[in-house]
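Heads up, the thing below is written out as structure tokens.
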Amino acid sequence: MSLKDQINTSQLPKHIAIIMDGNGRWAKQHGQHRVFGHRNGVTAVRESAEAAAELGIDYLTLYAFSTENWNRPRMEVNALMQLLLQTINNEITTLNKNNIRLNAIGDLDSLPAVNRKHLLKAIDATRNNTRMTLTLALSYSSRWEIVQAAKKLADKIIRGECTPEMVDQQCIEGLLTTDGMPDPELLIRTSGEFRISNFMLWQIAYAELYFTQTLWPDFRKEDLYAAIVDFQHRERRFGKTSEQITKVNDQQ
Ligand code: IPE
Ligand code: IPE
Ligand code: MG
């Protein structure tokens with residue numbers, strides 16, 4: 001049976017997030033500059049978005065550029081921004097054809113003005129699409145997100161819209177950039193690194209983590225299927241015992 005056939009489509013994660021890593025090492029393996037790896041990573045973005053949409057995943061979130069990535073050599077940062085701009089503009093038609101809505105989270109104000117402009121244009125051009133939401137995390141980090149949420153909360157309290165007693169998890173969630181999105185149930189990281197690198201720390205509280213050695217530019221539909229099959233073999237207990245979970249499943 002193919003990997004795709006092994007997927008139970010009635011038990012799909014609603015939200016998959018991916019830390020796309022390994023472009024630089026992929027380029028090095030090919031005797032090329034790091035930017036060559038980033039360019040080839042675009043195919044993997046296309047493949048994973050297409051595979052996720054075809055399966056019926058509601059949300060796919062891709063970590064494309066972290067707050068910390070601004071510290072890379074200027075030449076690489078510029079090339080990444082240029083590639084981002086080019087990709088956004090090239091993909092609008094495909095996104096619309098596939099009924100995919102584009103979204104972005106992160107400190108978008110820190111992006112070059114031209115990137116921000118075209119990004120917002122693409123988000124607007126795809127806003128009525130309903131099949132899947134593709135979110136790009138750009139100039140994003142979880143700690144940045146939490147700090148801006150804390151500022152918004154302080155502001156609300158000062159304005160009298162909220163009291164400290166009213167603060168609960170729902171209230172915090174509403175202040176995060178992912179407001180309105182379900183938490184990712186599956187988080188994938190490519191390239192054999194076993195870390196989170198400041199990504200969605202609040203939202204992945206109960207996500208299943210999947211690490212693969214595959215370098216991002218080599219990531220294809222089959223790799224996404226493999227991650228989902230693995231996910232579907234996990235027992236998600238949310239603090240309960242295995243017996244409690246099995247009993248509930250038996251009753252269904
Ligand atoms: C991921 O690949 C892309 C970004 C972080 C922008 P890397 O560029 O981190 O590739 P490696 O980890 O150096 O191989
Ligand atoms: C994480 O990858 C950020 C993105 C995938 C955009 P990095 O390659 O920047 O992470 P570290 O520095 O190895 O943790
Ligand atoms: Mg890396």
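Could we say that residue 63 is buried (at least 20 other Cβ atoms within 10 Å of the Cβ), under 21 Å from residue 15 (Cα atoms) and in contact with a Pro (Cβ under 8 Å, 6 or more places away or on another chain) here? Against the criterion (buried (at least 20 other Cβ atoms within 10 Å of the Cβ), under 21 Å from residue 15 (Cα atoms) and in contact with a Pro (Cβ under 8 Å, 6 or more places away or on another chain)), residue 63 does not qualify. Taking region 27-37 as the range and being away from ligand 2 (no atom under 15 Å from the Cβ), without any contact (Cβ under 8 Å) to a residue 12 or more places away in the chain and part of a helix (DSSP H, G or I) as the test, only 36 passes. When every residue of region 66-73 is checked against the conditions, none turns out to be more than 16 Å from ligand 3 (Cβ to nearest atom), under 25 Å from residue 207 (Cβ atoms) and either crowded, with 21+ Cβ neighbours inside 10 Å or touching a residue at least 40 places away in the same chain (Cβ under 8 Å) (or both).
Across region 10-42, the qualifying residues are those that are of a type in the set (S, T, N, Q) and within 14 Å of ligand 1 (Cβ to nearest atom), and the one among them that is surrounded by the most Cβ atoms within 10 Å (Cβ to Cβ) is 23.
When restricted to residues that are within 14 Å of ligand 3 (Cβ to nearest atom) and not polar (S, T, N, Q), region 1-38 contains 14.
When region 167-207 is filtered for residues that are closer than 19 Å to residue 24 by Cβ and within 11 Å of the chain's Cα centre (by Cα), the ones remaining, listed by number, are 188, 189, 199. Taking the criterion of being surrounded by fewer than 11 Cβ atoms within 10 Å (Cβ to Cβ) and part of a helix (DSSP H, G or I), the residues of region 152-165 that qualify are 158, 164, 165.
For region 199-221, the set of residues classified as out of contact with any strand residue (DSSP E or B) (no Cβ under 6 Å at 6 or more places or on another chain) and within 26 Å of residue 35 (Cβ to Cβ) consists of 212, 213, 214, 215, 216, 217, 218, 219, 220, 221, listed by residue number.
Just so you know, all these numbers are worked out from the coordinates, no wet-lab data involved. What you see is a predicted model; the values in this text were computed from it and never measured. Note that we place each Cβ from the backbone using ideal geometry, even for glycine, and neighbour counts take in every protein chain shown.
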